[in-house]
Each structure stands twice: as C-alpha cells, then as structure tokens.
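What follows is a single structure, written as structure tokens, with notes after it.
The values are calculated or read from the model by the stated rules, or taken from the named source; none is laboratory data. Since we're looking at a predicted model, the values are computed, not measured. Please note: Cβ atoms are built from the backbone with ideal geometry, for glycine as well, and neighbour counts cover all protein chains shown. The area values use the complete protein model at the heavy-atom level, side chains included, leaving out ligands, DNA and RNA. Shrake-Rupley method; radii C 1.70, N 1.55, O 1.52, S 1.80 Å.
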Amino acid sequence: MGVYLDNAATSYPKPPEVVNGIVNYMNNIGTTSGRGAYRKALEADRLVYKTRKLIAKLFKQEKTSNVIFATNATEAINTIIKGIVKKGDHVITSSLEHNAVWRCLKTVEKEKKITISTVPCTKEGYTDPKDVEKYIRKNTSLIIFNHASNVIGTIQPIRKIGEIAKKYDIPFVVDAAQTAGIYPIDINKDNIDILTFTGHKSLFGPTGTGGFILNWNGNLTPLKEGGTGGDSSYEYQPDYLPNKFEAGTLNICGIAGLKEGLEYILNTGINNIFEKEKKLIAYTLNRLMEIDKLTIYGPKDPEKIVGVVSFNIEGLSAEEVAYRLDSDYGIMVRSGLHCAPTAHSIIGTKNTGTVRISIGYFNTKKDIDLLVNALKEIIKLN
Amino acid sequence: MYLDEIFITYMQSCIADSKKIRFKGKLSTDIGEVLPYINRVIKNAIFNKNIPSLTFTKEFRIITLYKDSIAVSKAINETDAYEIIDMVKDLINNTYNNKDNIQPLYEMRTKPTAIELYNHLPKINCKRCGESTCMAFASKLLMGQKNIKKCSHLFTTEFKPQLERIKDLLQMMGYF
Ligand SMILES: Cc1ncc(COP(=O)(O)O)c(C=O)c1O
C-alpha cells in the first residue's frame with residue numbers, strides 16, 4: 001500500500017463511511033435533486049440539504065441556503081473573483097496564493113484592467129495584518145487570502161485581516177482549501193465574508209466536490225446560467241440561494257460522500273483532529289531536523305502551520321528525492337512548485353521547487369519514521 | 001426524541017406563483033396531542049380542533065400541521081423546504097419537552113371570516129355551486145361544508161390570483 005504523504009493534494013485514505021455513502025447513493029437512491037415528483041428524487045434533495053447543513057454547522061454559518069456547491073475550490077474562487085471584481089477595480093491578495101486564486105486574478109487583470117496588490121510576507125510566510133491596510137485604495141473591491149499556504153503551511157492571520165476589511169467595507173474572501181476540516185473556522189468570528197472550500201482534502205469527500213459559503217450581502221454575479229430544477233418557465237437565472245449559483249445537475253454522488261466525511265469530522269471533533277495533527281506535525285519537524293543537509297522552509301513551528309512541510313536536500317533535486325522515495329520506498333510525496341509560484345519566490349525556490357510532504361489525519365508516527373529513514377539512506381547513497 | 005423525522009413526500013411549483021414551491025410531508029410520530037400546545041406557543045396560529053390542524057406563517061410561507069402530516073405553500077426552493085422542516089421539527093420537539101409548563105389552548109384565536117373569502121369570489125351569484133349567493137357559498141367554504149372546486153368561475157385564468165388567495169385562506173383553516 002505504501003506511505004501516503006500527499007494529503008494537501010487530496011486526502012487518502014478516506015474514512016470507510018465516505019465510500020459507503022457513495023455506494024449507498026448509487027445503489028439505493030441514484031436520482032437527481034430538484035423538484036422531482038417522486039420519493040427518490042426527494043431523497044436526493046434531502047441528502048443534498050443535509051450536506052449543506054453539515055457544512056453550515058462546521059463553519060458556524062446559520063443559513064443553510066448560503067452554502068453553495070461547486071465542483072471544487074477553483075470553481076468557487078473563479079465565481080467569486082469574476083462575480084465581484086469590475087473593470088478598473090483594485091484587489092489585495094497574499095504573496096502565497098495558489099494558482100486557483102493567482103491565475104484567476106492575473107486573467108481578470110488582463111481582461112478588466114484591474115490592479116493587484118500582493119501584501120508582502122516574511123520568508124516564513126508571516127503576513128502583518130497592518131500591511132493590508134496600507135494597500136487599501138478607494139477602488140479596492142476585494143481582499144482575498146488563503147488561510148494556509150499549500151507550500152509552507154503558514155496559517156494567515158485572517159481574523160485580523162477580516163477586521164480591517166470590515167472597517168473599510170470591502171468583501172474579505174478566504175481560500176480555506178488547506179484548512180477546512182482540520183482547523184477550527186468560525187465564519188463570523190473570523191470576519192470572513194465568503195469562505196471557499198474544497199471537498200476532497202481535509203473534508204474527506206471525493207474529488208469534484210467543493211463550494212463556498214456566502215456571509216455577505218453584496219452583489220455577486222453567477223459564473224454560469226442553466227437549469228436549476230424549479231421554475232423552468234422563467235427565462236433567467238433565479239436570484240434566490242443556493243440555486244442562483246448552482247446551474248446544472250449537482251455532483252450528488254460526490255456530495256453523498258462529502259456528507260459522510262463531514263459527519264466523520266463533526267463526530268470526531270474538529271479540535272481533536274487539529275490537536276492530533278499538531279502532535280504529528282511537531283514530531284515530523286523534530287525528526288526532519290535530525291537530518292543533516294536537509295533544509296526546511298517555512299515556520300518550523302507546529303503552532304504556526306497546517307500539516308504541510310516543504311524541504312530540499314543538498315546535492316539532490318526535489319524531483320529526484322520524490323522519485324527515489326516512491327520507487328525505492330513506496331513513499332508518496334510531491335515535488336515542484338505545487339501550483340503556487342509566488343510562494344516559491346518568497347522562500348527562494350522558484351527555480352528548484354521543493355519536496356513537499358503533507359500529513360493527513362490517518363498518518364502515524366510510523367509513516368514519518370519510514371520517511372526519515374528513507375531520506376537518510378538516500379542521502380547516504382548519494 | 002419525540003418526533004424523529006419529517007419526510008417530504010411531494011414537492012411542486014405553486015399554482016399562481018411558479019417561482020415558489022409547495023410541499024407535503026409525513027411525520028414519524030402522531031403529534032395530535034401537541035397541537036393545542038403549539039397553538040398556545042405561536043400567537044398568530046389558527047387552530048381547527050375539528051380536523052385537527054394548526055396553521056401559521058413564517059414570513060410569506062404558510063405552514064399547516066396535521067396530526068401526522070404537514071403541508072406548506074410559498075416556500076422558496078428545496079433548501080428552504082428542508083429548513084422549514086427542521087424548524088418545525090424543533091418547534092414540535094421543544095413544545096413537547098416543555099409541555100408541562102404550557103397551558104394548552106383548544107380555541108381558534110383568529111380565523112378568516114366569510115367576508116374575507118367572499119371578497120375573492122366572483123360575486124355574480126350564478127348559483128352553479130348550488131348556493132343561492134356567493135356570500136352563502138363563502139360561509140359554507142369557511143365551515144368546510146363546500147369544496148372550492150364547486151366555483152367553476154374561480155378556475156378560469158381571469159380569477160387565478162383570487163383562487164390562490166382563497167386557497168391560502170382555506171389552507172389556514174386546515175382544509176388542504
Ligand atoms: C491553497 C489552495 N487553494 C486552492 C486549491 C484548489 O483546490 P481544487 O483543486 O480542489 O480546486 C488548492 C489545492 O489544490 C490549494 O491548496
């Protein structure tokens with residue numbers, strides 16, 4: 001089976017309940033939601049609703065209808081950026097964005113002549129929230145930050161940034177792809193206007209699930225138009241939630257799995273998940289620091305990161321380390337830029353990339369021991 | 001838990017306003033005994049002890065509870081439907097858990113009047129319903145002694161808004 005240390009890309013394994021949830025849907029429900037006239041279609045509606053409600057519960061949003069499904073975080077982020085930002089606007093973002101945000105912003109920059117300010121951060125990825133305020137202009141229409149970097153794991157001070165955004169009445173969007181499911185988030189206390197999430201990482205759902213939670217009353221135009229189940233004679237997209245943003249048949253099969261993932265998290269308790277991972281992160285950092293010739297990027301502090309650690313080994317390329325780990329030891333890690341080139345500019349690895357390990361809820365100390373032993377051997381044989 | 005589940009069994013667009021939906025559901029517990037308690041708790045509810053039924057509104061939505069079923073009209077969408085279901089379930093369970101502290105109320109506090117119904121009828125006294133006047137028909141409607149379908153004029157497109165309004169009023173009385 002091997003050792004899987006690429007949970008920041010997608011979590012694996014999933015709790016067995018997730019698989020069973022999907023199988024049960026396929027075998028026993030199998031219908032689409034949206035005003036079906038028969039029982040089974042209503043069962044599909046109910047399943048989708050329950051999943052929405054669990055998401056609302058996890059992130060402490062009261063309104064279930066404000067939970068919107070999308071195919072992944074990327075689609076949610078595109079909807080929000082393109083739905084808010086108008087010609088000539090100004091946007092503020094972090095220096096550590098994933099391409100889901102960064103490429104979308106760069107495209108809008110070209111098409112709508114907007115300006116983008118990236119708030120600087122230290123090479124550990126720390127942002128000073130006060131810096132955000134300095135970049136605010138009259139035409140700033142959006143502040144978008146990832147909650148934790150997918151390269152170095154650094155958790156951003158979103159609550160403070162959100163406070164500033166609130167003061168200036170600018171929508172604050174948080175890309176929680178790397179934190180949703182492992183880090184406690186309270187959409188109101190954390191001053192988040194829109195939270196985007198992906199279902200297949202720490203929420204334990206299958207790929208093709210994700211979405212956003214609207215906690216903002218501003219005007220957001222949908223990215224796509226199409227069928228929503230009801231009121232088919234009306235020729236335009238409905239303006240009520242969540243249907244406004246959910247044109248086309250939902251991924252109910254995926255949502256059935258996501259529902260079980262969410263229940264698993266809520267039953268286990270997000271704080272228990274967080275504490276368990278933190279312990280393993282601390283263990284991992286300590287063990288990696290034993291290794292000579294190994295440079296860890298980012299904070300090296302389990303209190304400041306999610307379970308993502310990037311490193312390089314002197315005299316070996318990141319690709320080679322990843323390849324050897326997989327082929328000789330069955331250990332799965334990532335190498336390269338991890339879809340976040342600006343983050344690599346910050347840590348000085350834009351040309352080399354890094355080896356990235358990412359820890360999930362089901363990893364154990366033994367997995368880390370196997371990794372450390374393998375790395376030591378690879379260095380010795382080099 | 002007193003009431004475990006409400007299963008939605010039917011969901012369709014509203015007749016007059018296709019942007020809204022109506023739905024029906026089944027209750028996993030017979031809640032007949034709790035209805036008078038809810039009647040006390042919800043100040044503007046309409047309780048019809050003969051059926052028994054209890055109708056109340058949540059903003060523009062009209063919700064009617066029977067002893068083992070529920071009918072709702074003017075909900076927004078599926079999500080709204082299930083949110084209403086959750087809200088009603090909590091209302092029933094909380095009322096049940098607290099019923100030692102609540103004085104049950106068996107009366108109908110307010111009800112639509114025959115005049116109110118009459119105002120939405122065609123007022124042409126055509127007698128096709130078997131009554132001599134529209135006012136007489138309105139009184140029978142209110143008592144549940146006549147079916148609205150007897151007024152064929154109301155079912156023409158011209159009277160669609162009036163029909164919808166009368167149906168709302170009759171739902172409040174528990175007749176739907
Ligand atoms: C920080 C961050 N944002 C966005 C994404 C995009 O997620 P998805 O590929 O599920 O759309 C990822 C993961 O790939 C990520 O790590």
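In this calculation the C-beta distance from residue A:320 to residue A:283 is compared with R0 = 30 Å, giving a FRET efficiency of 0.70. Take residue A:259: with every protein chain present and a 1.4 Å probe, its accessible area is about 30 Å².
Taking label points 7 Å from Cα along the Cα-to-Cβ direction, residue B:149 and residue B:26 give a separation of 2.3 nm. Each residue was assigned an accessible area with a 1.4 Å probe, and for residue A:320 the value is about 70 Å². For chain B, the relative contact order is 23 percent, taking Cα pairs closer than 8 Å that sit 6 or more residues apart in sequence and dividing their mean separation by the residue count. Among A:16, A:221, A:184, whose Cα sits farthest toward the positive end of the charge dipole of chain A (+1 at Cβ of Lys/Arg, -1 at Cβ of Asp/Glu, about the Cα centre)? Comparing the listed Cα positions along the dipole, A:221 ranks first. Can you tell me which lysines have their Cα less than 17 Å from the Cα of residue A:366? Leave out same-chain residues fewer than eight positions away. Straight-distance partners of residue A:366: A:276, A:278, A:279, A:376. Oblate is the label for chain A, because the ratio a/c of its alpha-carbon gyration tensor axes (a ≥ b ≥ c) is 1.5 or higher and a/b is not greater than b/c. Quick one: of B:49/B:123; B:43/B:89; B:20/B:149; A:14/A:244; B:19/B:123; A:63/B:24, which pairs are farther than 24 Å apart, Cα to Cα? Flagged as over cut-off: B:49/B:123; A:14/A:244; B:19/B:123. Here the sum of -39500 (n - 2.57) over DSSP H runs of 4 or more residues, divided by the residues of the protein assembly as shown, equals -11500 deg cm²/dmol at 222 nm, to the nearest 500. In chain B, the longest principal axis of the Cα atoms and the axis of helix B:78-97 are about 60 degrees apart.
Taking a ≥ b ≥ c as the square roots of the eigenvalues of the Cα gyration tensor, an a/c ratio of 1.5 or more together with a/b larger than b/c marks the stretch A:242-364 as prolate.
Placing a pseudo-label 7 Å from each Cα along the Cα-to-Cβ vector at residue A:366 and residue A:124 gives an inter-label distance of 3.4 nm. Computed on the stretch A:99-224, with alpha-carbon pairs under 8 angstrom and 6+ residues apart, the relative contact order is 17 percent. Toward the positive end of the charge dipole of the protein assembly as shown, with +1 on the Cβ of Lys and Arg and -1 on the Cβ of Asp and Glu, the farthest Cα among A:243, B:171, A:25 is that of B:171. Taking a ≥ b ≥ c as the square roots of the eigenvalues of the Cα gyration tensor, the stretch A:137-272 is classed as oblate, since a/c reaches at least 1.5 and a/b does not exceed b/c.
Rounded to the nearest 20 debye, the dipole magnitude of chain A is 560 debye, with +1 charges on Lys and Arg beta carbons, -1 on Asp and Glu beta carbons, and the Cα centre as origin. Spin-label pair residue B:49-residue B:100: with each label point 7 Å from Cα along the Cα-Cβ axis, the two points sit 2.5 nm from one another. Ordered from highest to lowest accessible area with the whole protein assembly present and a 1.4 Å probe, B:129, A:339 read as A:339, B:129. Expressed as a whole number of Å, what is the distance separating the alpha-carbon centroids of the stretch B:95-148 and the stretch B:1-65? Comparing the Cα centres of the stretch B:1-65 and the stretch B:95-148, I get a distance of 17 Å.
The long axis of helix B:134-143 is offset from the longest Cα principal axis of chain B by roughly 20 degrees. Counting only Cβ charges, +1 for Lys and Arg and -1 for Asp and Glu, the dipole size of the stretch B:6-101 around its Cα centre is about 320 debye. When both the stretch A:1-80 and the stretch A:235-284 are represented by their alpha-carbon centers, they are found 6 Å apart. Taking 0.36 nm per residue of sequence separation and removing the Cα-Cα distance, the residue A:377/residue A:159 pair yields an extension gain of 74.2 nm. Mean separation of Cα pairs under 8 Å and 6 or more residues apart, divided by the residue count, gives chain A a relative contact order of 24 percent. Of the whole protein surface, residue B:13 contributes about 40 Å² of accessible area at a 1.4 Å probe radius. Potential lengthening of the chain between residue A:266 and residue A:23 amounts to 85.3 nm, from the contour at 0.36 nm per residue minus the alpha-carbon distance.
Pick from A:71, A:268, A:51: which residue has the top mean-square fluctuation in a GNM of chain A where Cα pairs under 10 Å get a spring? In the Gaussian network model the winner is A:268. In summary, the aspartates and glutamates within cross-link reach of residue A:40, defined as a Cα separation below 17 angstrom excluding same-chain residues under 8 places away, comprise B:5, B:78.
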